[in-house]
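A short worksheet on the structure shown next.
The values are calculated or read from the model by the stated rules, or taken from the named source; none is laboratory data. Predicted model only: the values in this text are computed from it and were never measured. Cβ atoms come from the backbone with ideal geometry, glycine included; neighbour counts cover every protein chain shown.
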Protein chains: 2
Amino acid sequence: MQRAALELIADRGYDQTTVAEIAVAAGLTERTFFRYFADKREVLFASQDRFIALVVDALIAAPPDLAPLEAVVTAFGASTTWFDERRALAQARQGVIDAHPDLQERELAKIAKLSTAMTQALSDRGVSEPQAALAAAAGVAAFRFGFAQWLADADGHDLESHVLSGVDELRKVIAI
Amino acid sequence: MQRAALELIADRGYDQTTVAEIAVAAGLTERTFFRYFADKREVLFASQDRFIALVVDALIAAPPDLAPLEAVVTAFGASTTWFDERRALAQARQGVIDAHPDLQERELAKIAKLSTAMTQALSDRGVSEPQAALAAAAGVAAFRFGFAQWLADADGHDLESHVLSGVDELRKVIAI
């Protein structure tokens, strides 16, 4: 569904693509579309909701003795293979988002949702409130940095190596 | 202007307050309102644009030998007295934002703008790209955490002490 939508949008442009056209391309009616998605923007973020659920589940399941930031990094690791198998799609999607301020706003809202969900999962692991909020925020910042590097990487190194290098850079910048 | 708008909104509720009413309360016409603000939401974020300009200027002017994160923290320090003098107003404003998803989205967009502007200012100071992006992201996360603690602090400790304790917590969570 998202793939059909993205191919159409990449072909015609986001503003020129209607919900009816996206639905047809995916073999659905417009009415069915709105059963799955609240609005046109959401078709680009359905996989992000699944990504959030995936990393939050991985954070809950991470070994209990991991330090907060280590647990967050481990949780992101559960998602990287999925992205590596869809790199071209992720690049096309990001290109559409970066070109539309309203899509950027929606993306920021999803990232905030991810950060809040990770803070809650860390609290449930027994991490104190300031540490939970800051480990989630710092981990998400390192992941976003690594993700952007991965999207732009002409040599095609995998996402996990970029995320780990983001965490390394974060540790360096905090230590000095 | 923002004070007049906030008092009206606190009194009637955000959804029940029209742009025309806000303009009248501030001694302006509706037409003049739209010369200053793109939409109704923006009246709540005018001071945030000034805040961004203030801390980015302070970051550019910070002593050149400061490490990236130290420079970011110093820059936020230029804004804390201004907030301490407007604590009740800041609390009322945050209450309105937290109750409205569309205002929360606008706030996240402003925070992203702040982070991008700080990354650029750090680059202009000669900080390498990964370090600039991560020092800005980490500093903004620590500031946001400190700001939330300051808003909720019944004992009324000043914003700077809360921001510095946010940075301490960040250092701790990264170190382990």
Among the residues of the range B:136-151, is there at least one that is crowded, with 17+ Cβ neighbours inside 10 Å, within 11 Å of the chain's Cα centre (by Cα) and facing chain A (nearest Cβ under 8 Å)? yes
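Residue by residue, here is whether (1) surrounded by fewer than 16 Cβ atoms within 10 Å (Cβ to Cβ); (2) modelled with pLDDT of 90 or more; (3) small (Gly, Ala, Ser) holds:
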site	(1), (2), (3)
A:Gly27	yes, no, yes
A:Asp39	yes, no, no
A:Glu70	no, yes, no
A:Thr74	no, yes, no
A:Ser79	no, yes, yes
A:Phe83	no, yes, no
A:Ala90	no, yes, yes
So B:Lys40 passes all but one of these: (1) under 14 Å from the mean Cα position of the chain (by Cα); (2) more than 14 Å from every other protein chain (Cβ to nearest Cβ); (3) in contact (Cβ under 8 Å) with a residue 12 or more places away in the chain. Which condition number does it fail? (1)
Go through the range B:121-161 and give me each residue that's basic (Lys, Arg) and in a helix (DSSP H, G or I). B:Arg144
List the residue pairs whose Cβ atoms are under 9 Å apart, where the first residue sits in the range B:52-70 and is within 15 Å of B:Val140 (Cα to Cα), the second is of a type in the set (Phe, Trp, Tyr), and the two are 6 or more positions apart or on different chains. B:Leu54/B:Trp82; B:Val55/B:Phe76; B:Val55/B:Phe143; B:Ala58/B:Phe76; B:Leu59/B:Phe76
Taking the residues in the range B:96-120 that are part of a helix (DSSP H, G or I) and away from chain A (no Cβ under 14 Å) as candidates, determine which candidate is nearest to the chain's Cα centre (by Cα). B:Ala117
